[in-house]
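First comes the structure, then the notes that go with it.
Rule-based calculations on the coordinates, nothing more; no lab input. In this text the structure is predicted, and so the values were computed from the model without any measurement. All Cβ positions, even for glycine, are placed from backbone atoms using ideal geometry, and neighbour counts span all protein chains on display.
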Amino acid sequence: MTVVPDGLCSVAEVDNLDKLLDKPPKLRVNIDRQRSCDERSLSSELVTNGTARMSGLDAPGAPFAAGIDSHPYVVEAWAALRHSMVYFRGQPVGTIAASDNTEENLNYDQVFVRDFIPSGLAFLMHKEPEVVKNFILKTLRLQSWEKKIDRFHLGEGVMPASFKVLHDPVRNYETLMADFGESAIGRVAPVDSGFWWIILLRAYTKSTGDTSLAELPECQKGMRLILSLCLSEGFDTFPTLLCADGCCMIDRRMGVYGYPIEIQALFFMALRCALVLLKQDEEGKEFMERIVKRLHALSYHMRSYFWLDLKQLNDIYRYKTEEYSHTAVNKFNVMPDSLPEWIFDFMPSRGGYFIGNVSPARMDFRWFCLGNCVAILSSLATPEQSTAIMDLIEARWEELVGEMPLKVCYPAIESHEWKIITGCDPKNTRWSYHNGGSWPVLLWLLTAACIKTGRPHIARRAVELAESRLIKDSWPEYYDGKLGRYVGKQARKHQTWSVAGYLVAKLMLEDPSYLGMVALEEDRHVKPVLKRSNSWTC
Ligand code: GLC
């Protein structure tokens, strides 16, 4: 064990999941107290690698970089973001999904948990943490509501997809109304909300240096309730989380049921954040042990079975089927004939990615942006895999970025496949919306991933492509077409997370130290088990 001067643990120890499990309780208390181990190391690592300027990382109160504050697009974006602020009894509690008066509101007049993440990050980066704190506490209160769909009760830990402030003009009184999936299209509960909530709590703690919010008994309990939902034992044979279709950003039927990459990557990230935020009391410790075990199994599973590069693709192409017992190579009995035609051209010689889904006899080879970026940020991807993901984005720039960053998934599904997979969804026709549409909000995730992998120039290129059009088109929710040339068929204008995603990307490029809010350092002790091609080792 390396003893650091102040008597607290070294980063390697925090990251050593194996060892952490074996440590006596006393030592674990020390580890818990050293909350910023990972942060400090990230700072020095990036500085040594020369990949990012980490000036503000260790200094939560570092001054805001004034440089871009006067940039005309940034000024406009801030005005739009402030305009989207939602107040509850006089306090800011979130941002509205879209302020588009030309379209029917549906639920776009609500504060969505997932949509608020880039807004919250922008406010944290701007040293305005109040709205984030309020949001965290308000959504926590909503979590404790009794949640019921028809006659069925949802798990206690479920966080809302969205909420709304209702004003009673007679009593002049405001109340909150939340949706846990019981009003959503398809009646699906948002699995991602709880994970984003934990990730935002860590971002708040990290950027403000204020640990008192996370330490509140109600925050600790809220976290444990979320974790209980996904760490409970059942019939699972995989460490990944089994989900219904449409339980995340893609909140409609799109063939993302099973084990979607978006949820698995967010699950991994939230587990790692919780490990830092949980207190070392009796209950906290029990959860930490379960988390450590799960992280271990989850990273093995994802890195082994979700990873695809040229070598692995070729292996699948040559797979034998109907294998049985422990010696099976093709463990999930995937039929080589199920490999889609497009994948052979799409896969570059150098590069790779985590595929969309892996379950018995099913590999969804589609590329999903959010899952792959979060895999980089959480270090679910090894450094070699992170490099490979970025290599792929560069090699397939036209397909994934085109004229508007960034494809939510690639490629689109069409014709018969579209009918079967989406159930003939007219909103998700080919190259539109969730089906291969381009979402400006994803800019912040791309930028963070670019900075973490030392390629900020890629993000800069993407931001430059987007900014003038975003303003001209009034911040659309998404763009359509293979290259993202058209404002989306049913896209809302003045979509808040398009504004916030752009702002966060700009702010991080200006001061890469903000990366620390949303990135976790590599866990050096969970090594990849399978080395599959050169793209891993280059
Ligand atoms: C759409 C998106 C969803 C988002 C919501 C509000 O339904 O698919 O991810 O949270 O709009 O913007």
So for R0 = 51 Å, FRET eff. of Tyr317-Arg89 from the Cβ-Cβ r, to 0.05, ends up at 0.25
Would you list Phe152, Phe238, Phe306 from fewest to most Cβ contacts within 10 Å?
-> Phe152, Phe238, Phe306
Each residue of the stretch 428-435 in turn: what ³J(HN,Hα) in whole Hz from Karplus with 6.51, -1.76, 1.60 and θ = phi - 60°, glycine and Pro shown as x?
-> 10, 6, 4, 6, 10, 6, 6, 9
Which percent of Cα pairs goes in each bin when the distances of the stretch 373-412 are cut into 5 angstrom slices starting at zero?
-> 6, 23, 26, 23, 16, 5
Per the charge dipole of the stretch 144-258 (beta-carbon charges, Lys/Arg positive, Asp/Glu negative, Cα centre), the residue among Val191, Thr237, Ala214 reaching farthest to the positive end is Val191
Can you list residues whose amide H is under 5 Å from Tyr486's amide H, if they're 5+ apart or on another chain and H is modeled 1.01 Å from N?
-> Asp480
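Could you list the square roots of 5 times each eigenvalue of the Cα gyration tensor of the stretch 66-142, that is, the equivalent ellipsoid semi-axes, sorted largest first and rounded to whole Å? Working shown, then result.
Values: eigenvalues 90, 64, 18 Å².
Over the Cα atoms of the stretch 66-142, the semi-axes work out to 21, 18, 10 Å.
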If we restrict to alpha carbons, what Rg and Dmax does the stretch 332-476 come to, in Å?
-> 15.7, 50
Quick one: in the stretch 169-214, what % of C-alpha pairs are over 18 Å apart?
-> 57
Step through the residues of the stretch 347-364 one at a time and calculate ³J(HN,Hα) from phi using the Karplus curve (6.51 cos²θ - 1.76 cosθ + 1.60, θ = phi - 60°), rounding each to whole Hz and writing x for Gly and Pro.
-> 5, x, 5, 10, x, x, 6, 7, 6, x, 5, 9, 8, x, 6, 9, 10, 8
³J(HN,Hα) computed for each position of the stretch 194-205 - Karplus, 6.51 cos²θ - 1.76 cosθ + 1.60, integer Hz, glycine/proline x = x, 5, 4, 4, 5, 5, 5, 4, 5, 4, 4, 4
Ascending count of other beta-carbon atoms within 10 Å, so fewest first, for Glu76, Glu174 | Glu174, Glu76
Full-stretch length increase - Glu156, Glu403 - with 0.36 nm per residue and alpha-carbon distance subtracted | 84.6 nm
Extending each Cα 7 Å along its Cβ direction at Tyr324 and Glu341, get the distance between those two points in nm, one decimal.
-> 3.7
Electrostatic dipole magnitude of the stretch 432-509 [Cβ: Lys, Arg +1; Asp, Glu -1; Cα centre; debye, to 20] | 120
Which loop chymotrypsin sites (Phe, Trp or Tyr not before Pro) in the stretch 175-217, with loop taken from DSSP, have no more than 12 other Cβ atoms within 10 angstrom of their Cβ?
-> none
The stretch 150-269 - Debye-derived log10 I(q)/I(0), Cα point model, q = 0.20, 0.23 Å⁻¹ | -1.22, -1.38
Neighbour-count ranking for Ser498, Ser379 (other C-beta within 10 angstrom, fewest to most) reads Ser379, Ser498
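Distances over 18 Å make up what percent of all Cα-Cα pairs in the stretch 116-161?
On the way: 438 of 1035 pairs.
It works out to 42 percent of all Cα pairs.
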For Val86, the residues 5 or more places away or on another chain with a placed amide H closer than 5 Å to its own amide H are Val93, Gly94, Thr95, Ile96
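Of the cross-linked pairs Lys133/Lys482; Lys127/Lys279; Lys407/Lys493; Lys482/Lys506, which ones have a Cα-Cα span greater than 28 Å in the structure shown?
Listed pairs above 28 Å: Lys133/Lys482.
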If unit charges are put on Cβ atoms (+1 for Lys and Arg, -1 for Asp and Glu) and the dipole of the stretch 62-186 is taken about its Cα centre, the option from Gly120, Thr139, Ile96 lying farthest towards the positive end turns out to be Thr139
Want the number for Arg461 to Lys293: 0.36 nm per residue separation, take away the alpha-carbon distance, what's left?
-> 56.5 nm
